[in-house]
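Quick notes on the structure that follows.
The values are calculated or read from the model by the stated rules, or taken from the named source; none is laboratory data. As the structure is a prediction and not an experimental result, all values here were calculated from the model. Every residue, glycine among them, receives a Cβ derived from its backbone with ideal geometry; neighbour counts consider all protein chains shown. Only protein heavy atoms, including side chains, enter the accessible area calculation; ligands, DNA and RNA are left aside. Shrake-Rupley method; radii C 1.70, N 1.55, O 1.52, S 1.80 Å.
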Amino acid sequence: MWIPRVARLLAVRVKQTPSVGAAALNMSTLLVNRPQYSWLTELGLSEDNDGVYNGSWGGQGQVVTSYCPANNEPIARVRQATMAEYEETVQKAQDAWKVWADVPAPKRGEVVRQIGDALRGKIKALGSLVSLEMGKIYVEGVGEVQEYVDVCDYAVGLSRMIGGPILPSESEFRLRPGHALIEQWNPVGLVGIITAFNFPVAVYGWNNAIALICGNVCLWKGAPTTPLTSVAVTRIVAEVLERNHLPGAICSMTCGGADIGIHLNLFSFVGLLSFTGSTQVGKQVAMMVQERFGRQLLELGGNNAIIVFEDADLNLVVPSAVFASVGTAGQRCTTTRRLMLHESVHDDVVERIAKAYKQIRIGDPWDPSTLYGPLHTKQAVQQYLAAIEQAKQQGGTLVCGGKIMDRPGNYVEPTIITGLPHDAPIVHTETFVPILYVLKFKTEDEAFAWNNEVKQGLSSSIFTKDMGRVFRWLGPKGSDCGIVNVNIPTSGAEIGGAFGGEKHTGGGRESGSDSWKQYMRRSTCTINYSKDLPLAQGIKFE
């Protein structure tokens, strides 16, 4: 009964053209054909692009047009996968795993190293595409590709380090002579990766690089509104695999809508389903995967807070709060949405942040001087307006922003709202737009409780010089989030640490630390190399 519901939730409004031959748009109107965007051909993109890769390129499904959020003009078209092509891709990926699983881990690491180098060679063009198609500023687009490169470097080293312990063998209270007890880690097989529009390169990279060195193959479904980025990234990866005489289906890709996503969730041949997106859709994904007792990795919403105490260095607070609340136009899962200020510094900080907001350079995202670009879709603009109206109705005061900007594209003003109670419904709602709710608190206990009272548990930060408070914040009665910071913003994360959160954020962990374990299955192995058979619990059969 809930399958049609998740189909509606996963569906994204993308403008369709019935066929390439009957395209409503004249090809001269596509940005890909304009001289200033000639760099798109460096990524292998043209007016019409295949949206399926499984060792060969194809796409016989619906044709979608990708639009630039900065001007709402069409960039190029992509032919999505049919269900038959998806099923063929799954089979080819499973066949490719039989080859890839036999490749020694250090050799797998060498292939991943080459993928990182290939991405380095295209980093400016690919970063520009992210900026053009997603809407984030150019420096963030390049930085996102750099994250994939960095994770590849990390995975290369990890490929020579993965292993399980050798444990002392014991039967009840006496050692078992002639026995060895070890942990063996093996790949799960096929990893399904569903990524969101806001990080159309990096999140795939986190999953892909780690999954590959663990011995898995990948099947990627990117966001329906960033299909060109999915195609361009896959072209880069595919060239590396083909150069190494490996099956291209090791890193398969199918562009598509909710039907593809549902099948990835439902079928048992997917050893791990990694989903990044909203909490609402994530709940439905979790239900489908759990029904088949599958393994899942969920990276969902965040309603992140910065807490500023009376002893904080405000010269750190102001740029941190501004960057974390307006970066990527508020479309990061780690965006600061709640700014909690001690009553003694509240007015001063609000005044300084409002002044800084007015100095934000807004413009074309691919202009290197721009700091703030558009929202990704027109639907997001409507969500922005609706959230501001709700905040006003619930007692909020608009300090700055609150309007759609009079220029082409999906531009809205970065917004600050004060005066709301900490438990106002809109404060507890993650709206994926640049709205910052400022709250006033009196005590440490109050601030910590407010941080933890929302359903999400991704990122959190305090600003203080009190070391006792720092360790209370890090301890069992402090932040309940997966990312707990001190004197830095909520956004941004190093690849060496596991990334993810608790509660309605899904509990998943990607990238560093021991997150590789999610992409593998563990076996406890007991080996008897003696001529005797000591039984458990001292039992003897004579």
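Laid out as a table, the results:
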item	result
Of Lys92/Lys455; Lys221/Lys503; Lys98/Lys221, those spanning more than 30 Å from alpha-carbon to alpha-carbon	Lys92/Lys455
Counted charge near Thr490, where neighbours are those whose Cβ lies closer than 12 Å (Asp, Glu -1; Lys, Arg +1)	+3
With every protein chain in place, the chain: carbon and sulfur % of accessible area (1.4 Å)	54
Residue-count net charge about Ser274 - beta-carbon cut-off 11 Å; Lys, Arg +1, Asp, Glu -1	+1
Helix runs (DSSP H) in the chain reaching 20 Å along axis by Cα, Kyte-Doolittle at least 0.0	138-158, 227-243
By accessible area with a 1.4 Å probe, ligands and nucleic acids excluded, highest first: order of Phe267, Phe448	Phe267, Phe448
Within the stretch 240-271: backbone nitrogen closer than 13 Å to the Glu291 label point (7 Å, Cα to C-beta)	262-268
Partner lysines for Lys442 [C-alpha distance under 19 Å; skip if fewer than 8 residues away on the same chain]	Lys465, Lys477
Local electrostatic count, Asp311, Cβ distance below 13 Å [Lys/Arg +1, Asp/Glu -1]	-2
Potential extension, Val486-Lys465 segment - 0.36 nm per residue separation minus Cα distance	6.6 nm
Listed residues Asp480, Asp406 arranged by accessible area, highest first, probe 1.4 Å	Asp406, Asp480
Per DSSP, loop GluC sites (Glu not before Pro) in the stretch 150-226 with at most 16 further Cβ within 10 Å	Glu172
Partners for Lys440 among lysines (Cα-Cα distance below 18 Å; same-chain residues under 8 apart left out)	Lys392
Mean accessible surface per residue for the chain, computed with a 1.4 Å probe while every protein chain stays in place, in Å²	41
Proximal lysines relative to Lys531, as straight alpha-carbon distance under 19 Å, when same-chain residues fewer than 8 apart are discounted	Lys540
Separation in nanometres of the label points that stand 7 Å from Cα toward Cβ, at Glu453 and Ser56	6.1
